[in-house]
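Below: one structure, written as structure tokens.
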Amino acid sequence: MPPVVETEEHTALRAAVAALGKRHGRNHAPDELWSETAKLGFLGVNLPEEHGGGGGGISELSIVLEELGAAGCPLLMMIVSPAICGTVIARFGTDTQKQEWLPGLADGSRLMAFGITEPDAGSNSHRLTTTARRDGNGTDWLLTGRKVFISGVDKADATLVVGRTEDARTGRLKPCLFIVPREAAGFEHRRIDMELHTTEYQFELTLDDVRLPADALVGDEDAGLLQLFAGLNPERVMTAAFAIGMGRYALSRAVEYARERTVWKEPIGAHQAIAHPLAQAHIDLELARLMMQKAAALYDAGDDTAAGEAANMAKYAAGEACVKAVDQAVHTLGGNGLTSEFGLASLITASRVARIAPVSREMILNYVSHQTLGLPKSY
Ligand SMILES: Cc1cc2nc3c(=O)[nH]c(=O)nc-3n(C[C@H](O)[C@H](O)[C@H](O)COP(=O)(O)OP(=O)(O)OC[C@H]3O[C@@H](n4cnc5c(N)ncnc54)[C@H](O)[C@@H]3O)c2cc1C
């Protein structure tokens, strides 16, 4: 037997999720798909068994998202709820937080959003200003700040908010994670109009002295950065899965069309000007998936540092492969590429999300330039 990249279990998981995706397809009802994905144990596949999860890792969860995407029905909130929030709570939460949140995140009955991006910080997370201070009573926290582009806040029971607390000794602000319930007083969300045809919306958040109990802080106040990265690496791997799934979906629609559509003697897929870019798109998606598998395997093996580099590269490769695959798919369909009937044109905007979020193409190139290649920094 030649060495395999995926285990038999992974191949079986792929097949099972692909069958689920096929049943729902592009015109799916998102809430129904979410519940069925949860009921079949796919949503919490990465969460610990003792808290209702499947006991797997990001390798398995990324397979689920990729296959749903390849069927035309990706679940964006999988990147956030089980992958970021579930992972952070499972790794660093208190026993009470684990018991309170993990079973619900795994069975889909509860949803958690994740908020790090701020209007005046953007890609520069060192400029985050959402700040938590202790109330006079010494136990409660008061959290104040603003966030933008936070997905799914309207449906989420709570948002895991990245804030900062002041180090009593040095006065320096350290990143910390807080669970903020949707109905908390002083916590407002306003929908941002996006040109995206999705059922998950983005929101601007304002937090005005939101009073939170001591146990709203996830994990250790002094290990904030480490905990944050424990969530951000899965986010990058999952965004890669999202992008690869979308790219595969677009490519499959284009290939189907190119095999049939005939305007000369042969189907248009016989023309190399049509066939070769589709073949290139397929190769790019496969390569991106290999990198994603590497990143997920490193993460699941507990190597956070190596996983960080691989997850960045995987997200970059997948985002670029997705944008190119969608562009070529739309072009392959000629005028039909822009009709609502074929439904591919809206993916042009959707595919750009993977190039920008959660960390942009340029910031990954910066990371690789500085961290991997040791080149000097310009900013
Ligand atoms: C659909 C969608 C969903 C999202 N969901 C969430 C969510 O749930 N939670 C959350 O916290 N955030 C979310 N985001 C926000 C996302 O993570 C940010 O948009 C992203 O981090 C980029 O930040 P920005 O938009 O402020 O861009 P900016 O930081 O303003 O960057 C703008 C441009 O400048 C470039 N740039 C910036 N700095 C440099 C540099 N040093 N060198 C070279 N180029 C540079 C960037 O690459 C980019 O092209 C979402 C965004 C979208 C579009």
Based on Cα coordinates alone, diagonalise the gyration tensor for the range 225-372, multiply each eigenvalue by 5, take square roots, and list the semi-axes in whole Å, largest first. 34, 14, 12
Quick one: what are the phi-derived ³J(HN,Hα) couplings along the range 325-332, Karplus 6.51/-1.76/1.60 with θ = phi - 60°, whole Hz, x for glycine and proline? 5, 5, 4, 5, 5, 4, 5, 4
At q = 0.18 Å⁻¹, what is the base-10 log of I(q)/I(0) for the range 287-352 according to the Debye formula with one equal point scatterer per Cα and no solvent? Please give it to two decimals. -0.67
How much length would be gained if the chain were fully extended between Val263 and Ile192, taking 0.36 nm per residue of separation minus their Cα-Cα distance, in nm to one decimal? 21.2 nm
Kindly provide log₁₀ I(q)/I(0) values, in the same order as q = 0.12 Å⁻¹, from the Debye equation applied to equal alpha-carbon scatterers of the chain. -0.91
Quote to one decimal, in nm, the extra length available between Glu221 and Glu8 on full extension: 0.36 nm per residue of separation minus the C-alpha distance between them. 72.6 nm
So how do Ile84, Ile268, Ile192 line up by other beta-carbon neighbours within 10 Å, fewest first? Ile192, Ile268, Ile84
Convert each backbone phi in the range 291-308 into a coupling constant with the Karplus relation 6.51 cos²θ - 1.76 cosθ + 1.60 (shift: θ = phi - 60°), then list the ³J(HN,Hα) values in order as whole Hz, x for Gly and Pro. 5, 5, 5, 5, 4, 5, 5, 5, 5, 5, 7, x, 8, 4, 5, 5, 5, x
Quick note, the range 68-131: a/c under 1.5 would make it rounded; otherwise a/b > b/c is prolate and the rest oblate (a ≥ b ≥ c, C-alpha gyration tensor); here it is oblate
Which value results for Rg/Rh of the range 93-158 when Rg is the Cα radius of gyration and Rh the Kirkwood radius based on the inverse mean 1/r? 1.04
Across all Cα atoms of the range 191-254, Rg and the largest Cα-Cα distance (Dmax), in Å, are 17.8, 53
Among Val17, Trp141, Gln280, flag the residue with its Cα farthest along the positive direction of the charge dipole of the chain, charges on Cβ as +1 for Lys/Arg and -1 for Asp/Glu. Gln280
For Phe114, list long-range residues whose amide hydrogen, built 1.01 Å from N in the peptide plane, is under 5 Å from its own amide hydrogen. Ser151, Leu160
What whole-number distance in Å separates the alpha-carbon centres of the range 262-335 and the range 170-186? 38 Å
Tell me, how many Å apart are the Cα centres for the range 92-144 and for the range 1-70? 27 Å
Note down, for the range 173-290, the three equivalent ellipsoid semi-axes (square root of 5 times each alpha carbon gyration tensor eigenvalue), biggest first, whole angstrom. 47, 19, 9
Roughly how compact is the range 269-316, stated as its Cα Rg over 2.2 N^0.38 Å to two decimals? 1.55
Amide H neighbours of Arg164 under 5 Å, counting only residues 5+ apart in sequence or on other chains, H built in-plane at 1.01 Å? Thr131, Ala132, Cys176
When the range 27-157 is reduced to its Cα atoms, the Kirkwood hydrodynamic radius in Å: 16.0 Å
Listed by chain and number, the residues whose amide H is under 5 Å from that of Gly54, excluding neighbours fewer than 5 places away on the same chain and using placed H, are Val45, Asn46, Leu47
How long are the three semi-axes of the equivalent ellipsoid for the range 113-223, computed from the Cα gyration tensor as the root of 5 times each eigenvalue, in whole Å, largest first? 25, 16, 11
Computed from the beta carbon distance with a Förster radius of 56 Å, FRET efficiency for Asp95 and Thr372 to the nearest 0.05 stands at 0.90
Taking only the alpha-carbon positions of the range 24-63 as identical scatterers, the Debye log10 I(q)/I(0) at q = 0.15, 0.27, 0.34 Å⁻¹ comes out as -0.38, -0.85, -1.03
Straight-line reach only, C-alpha to C-alpha below 27 angstrom: list the lysines that Lys324 could link to, leaving out same-chain residues fewer than 8 apart. Lys22, Lys294, Lys315
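Every read-out reported here was derived from the displayed coordinates using simple, explicitly stated rules and does not represent laboratory data. Fair warning: this is a prediction, and the values are worked out from it, not measured in the lab. Here the Cβ is made from the backbone with ideal geometry for all residues, glycine too, and neighbour counts use every protein chain on show.
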